[in-house]
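The values are calculated or read from the model by the stated rules, or taken from the named source; none is laboratory data. Remember, predicted model here, so these are calculated numbers, not experimental data. Ideal geometry is used to build each Cβ from the backbone, glycine not excepted, and the neighbour counts take in all protein chains shown.
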């Protein structure tokens, strides 16, 4: 009996229309990555497990897809261990490879293994799928693309300046106006924690502060108190709860708030450098905004933190993010290589462009010309013209069977093919074709040369 | 202690140069797929195991990479089974997903699951990686790309004609002249087996015949006799051992050899139709050759069989292949959908282009302009021009740190960057830049506009 086909949970097929739309976004991003001097690399889909395990925390380890060893994978498992029937303990014995969880750790491995052929600073981009054993839900998939650009080997803040410009350039090309590039700096968050005497509570503090939008000032304060942050501390950071005005205003507030923290002041100066440069250089359509509540990736970012939000009329989480991480390659034995990078959220950008109807019409164009098929002689006559059209890159095809004309016309209609070409014995005798414009219904008698001209 | 990084056996990192070269091949193939009216689809990297298992024979099943279930994967394994410690029996209990082994079975699944939105005939292309747990060796990898184009839903032989043209168009664009497109037909092989009264020995017969190049006529005959094919049969097929001349000559020989086999004659007529059409339409640089020893994919091909060989001066196996398979989607419950498709062997095409030095120089061009960095003021001044260069798609970057000039120039040299731009206080005052051509050593004083003109 035939098998009922199914697709694995949390994964997707992409139809021709979806592939074209995704490629439009990806190729726009890649084009800008390249004009900004980033070079493409690719790493394998799976890595040796020890390259990935332990790099993303316990939750990450759990979400990494493990690949079962090939052949008799139990032959090397000793009986004592096997008899415990403990999945956790057994995993590393029967699985040595795992699917890529992100592009950052494989990149770090790449840099270390290729250090002799790389000229630092190394600017690389990478657009490849990653896999996570997350519970699938609306908008969250087990296979999805990451689009990353990173620079390693330089601590220069010009990189951060360029990343702001890069976000602006990409979203401007995608005609997505009104995005906000939010920036913060890990050192500012550390400085705040230091100033309020809660250095050990940095994570609790920022997690609570991050909720300001959702639960309001009172809610945030309640949570901070519950986490053991003192009333006195809250009074000190009161300015953060009504943190408005221009970026300059915000930087000035931070300067007075953090004047006793060396680290905090360093963060303020870093952000200030970036914001001044951007003010001078200008952005096309994006807005750069200092957001002191921004705390993504606090586990690994050590300097700048970026996050991009969609235009406010669209309800959507962040569509991009990134930051600076010192010592990216330290885990693999190459010390003192600072990195900074950003990422584009392909799936979300797709949804935003869809919602705002921003995909250009050309993206959806597939076959432009369909030659109808009236039999062997006619088909061979058509293939000669078809060959010439294809030589000038016109997407064109012939209906493969000499089916009823109505069926062939229906096919052209369903596929939204704009031009149909007919050639019967009359046309063949006159060395012509009948060209039909499917939108207007107009028909023309044309030579091969006129045909090429009309459709290209 | 830091971990020594390693890459999984049989997988590869691709450097920027390699990615660019691979993309050159892939984008050439895709461009022609599209001008021939093929539409892109993508399917997930992993499928439910039952979609893949049993589709590629026992050897295939063994080579499929299985993914370990997440979480406590042993909890549902009953103790009696577990205690047997039998890897084979355990696999399906602890693994429900597997990595894609080729693009054809996922495509069949796609067609069946999307049948209501697809207009037949459906021409799709797909360029994605596949994975096989093969023993890695020179030129054989565990992760590699397949580049496939298939048409389903039509038995028309015009498809075969178009595939010959497609191969010719792609390899012509890649400037790879002198390839041979070899064709055969499963029905001809069956006809031969029928005529010699060895219908049940079709596989043995073709396997032996396929070795004609390697072991010669005597060797082939010896092997056939060993497999139980009679002396009398060998006399009948004697013409096959000196099968030369034009395709027309070969077709005529086959017509007399196979006149008593209805199936065989059908194969001859099919091939004859395709060869006559191609003779009328002409090929740019490829040669079409009837090769009666060609027997690839005999398990699944039911009509045309294609194989492409590299120019004879290059020692390399086939660089492409394909064929017609009736009932592709039958395994998933959709009957009577005939398919025909071809594939390009990316890795081998890469090696051939490399050996013949056919990668165009532009493919290797990365950053075109490097701005040197002499400090904050100078850098900001440069970034203004850099922004304008990037707006006209010139790949350009600034050295991020104000390192010693020699170090920055070295970087430009090592990276083969053709233009370097310098701006010190003198240039800034005059609103100019010094542009250095790194090949000729020439230097020019230019305005921003002149700079753009000179490098783009």
Handout entry: Number of positions in the range B:100-115 that are farther than 14 Å from residue B:333 by Cα and assigned to a loop (DSSP other than H, G, I, E, B)
Key = 4
Exercise for the section: Evaluate the range B:75-84: report whether one residue or more is closer than 23 Å to residue A:73 by Cβ, assigned by TED's automatic domain parsing to the domain that holds residue B:30 and crowded, with 23+ Cβ neighbours inside 10 Å. Expected result: no
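So which of A:80, A:89 is in a helix (DSSP H, G or I), out of contact with any helix residue (DSSP H, G or I) (no Cβ under 9 Å at 6 or more places or on another chain) and more than 8 Å from chain B (Cβ to nearest Cβ)? Don't jump to the end; show me each part of the working.
Details: A:89 fails: out of contact with any helix residue (DSSP H, G or I) (no Cβ under 9 Å at 6 or more places or on another chain).
Of the residues listed, the single one that is in a helix (DSSP H, G or I), out of contact with any helix residue (DSSP H, G or I) (no Cβ under 9 Å at 6 or more places or on another chain) and more than 8 Å from chain B (Cβ to nearest Cβ) is A:80.
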Fill in the blank from the handout: Scanning the range B:342-392 residue by residue, the ones that are closer than 30 Å to residue B:150 by Cα and more than 13 Å from every other protein chain (Cβ to nearest Cβ) total 17
Handout entry: Qualifying residue in the range A:242-260 (condition: modelled with pLDDT under 95 and on the phi > 0 side of the Ramachandran plot)
Key = yes
Exercise for the section: Quick one: count up the residues across the range B:165-189 that are assigned to a helix (DSSP H, G or I) and closer than 27 Å to residue B:363 by Cα. Expected result: 9
Handout entry: Evaluation of residue B:245 against (1) more than 23 Å from the chain's Cα centre (by Cα); (2) assigned to a helix (DSSP H, G or I) (one fails), failing number
Key = (2)
Problem - Residue pairs meeting the criteria (Cβ under 9 Å; at least 6 apart or on separate chains; first on the phi > 0 side of the Ramachandran plot, in the range A:72-100; second in a helix (DSSP H, G or I)) - result: A:85/B:79; A:85/B:82
Exercise for the section: Within the range B:200-210, count every residue that is free of Cβ contacts under 8 Å to residues at least 24 places away in the same chain and either farther than 15 Å from residue B:294 by Cβ or outside any helix (DSSP H, G or I) (or both). Expected result: 1
Practice task
Name the single residue, out of those in the range B:275-303 being away from every other protein chain (no Cβ under 14 Å) and not in a loop (DSSP other than H, G, I, E, B), that is nearest to residue B:221 (Cα to Cα).
Solution key: B:290
Problem - Scan of the range B:61-75 for residues that are in a helix (DSSP H, G or I) and closer than 20 Å to residue B:11 by Cβ, ordered by number - result: B:62, B:63
Practice task
Please state which of the following conditions residue A:341 fails to meet, knowing it meets all the rest: (1) within 30 Å of residue A:157 (Cα to Cα); (2) touching a residue at least 12 places away in the same chain (Cβ under 8 Å); (3) out of contact with any helix residue (DSSP H, G or I) (no Cβ under 8 Å at 6 or more places or on another chain); (4) outside any helix (DSSP H, G or I).
Solution key: (3)
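Conditions tested, residue by residue: (1) in contact (Cβ under 8 Å) with a residue 40 or more places away in the chain; (2) exposed (fewer than 14 other Cβ atoms within 10 Å of the Cβ); (3) touching a strand residue (DSSP E or B) at 6+ places or on another chain (Cβ under 9 Å).
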site	(1), (2), (3)
A:153	yes, no, yes
A:174	yes, no, no
A:185	yes, no, yes
A:218	no, yes, no
A:247	yes, no, yes
Exercise for the section: Identify, by number, the condition in (1) within 14 Å of residue A:171 (Cα to Cα); (2) more than 19 Å from the chain's Cα centre (by Cα) that residue A:353 doesn't meet. Expected result: (2)
Problem - Hits in the range A:61-71 - residues which are within 8 Å of another protein chain (Cβ to nearest Cβ) and either in contact (Cβ under 8 Å) with a residue 40 or more places away in the chain or buried (at least 20 other Cβ atoms within 10 Å of the Cβ) (or both) - result: A:62, A:63, A:65, A:66, A:67, A:68
Fill in the blank from the handout: residue A:145 passes all but one of the listed conditions (1) within 13 Å of chain B (Cβ to nearest Cβ); (2) in contact with a helix residue (DSSP H, G or I) (Cβ under 6 Å, 6 or more places away or on another chain); (3) part of a helix (DSSP H, G or I); the exception is number (3)
Practice task
Please verify whether the range A:395-416 includes one or more residues that are touching a strand residue (DSSP E or B) at 6+ places or on another chain (Cβ under 7 Å), more than 24 Å from residue A:446 (Cα to Cα) and either touching a residue at least 40 places away in the same chain (Cβ under 8 Å) or not assigned by TED's automatic domain parsing to the domain that holds residue A:30 (or both).
Solution key: no
Practice task
Select from the range B:1-60 the residues that are within 9 Å of chain A (Cβ to nearest Cβ), touching a residue at least 60 places away in the same chain (Cβ under 8 Å), outside any helix (DSSP H, G or I) and in contact with a helix residue (DSSP H, G or I) (Cβ under 7 Å, 6 or more places away or on another chain) and list them in ascending order.
Solution key: B:36, B:39, B:40, B:41, B:42, B:43, B:47
Exercise for the section: Count, please, the residues in the range A:393-422 that happen to be within 12 Å of chain B (Cβ to nearest Cβ), farther than 17 Å from residue A:381 by Cβ and part of a helix (DSSP H, G or I). Expected result: 6
Practice task
For the range B:119-130, indicate whether the set of residues that are in contact with a helix residue (DSSP H, G or I) (Cβ under 9 Å, 6 or more places away or on another chain), modelled with pLDDT of 95 or more, more than 9 Å from chain A (Cβ to nearest Cβ) and farther than 27 Å from residue A:98 by Cβ is non-empty.
Solution key: yes
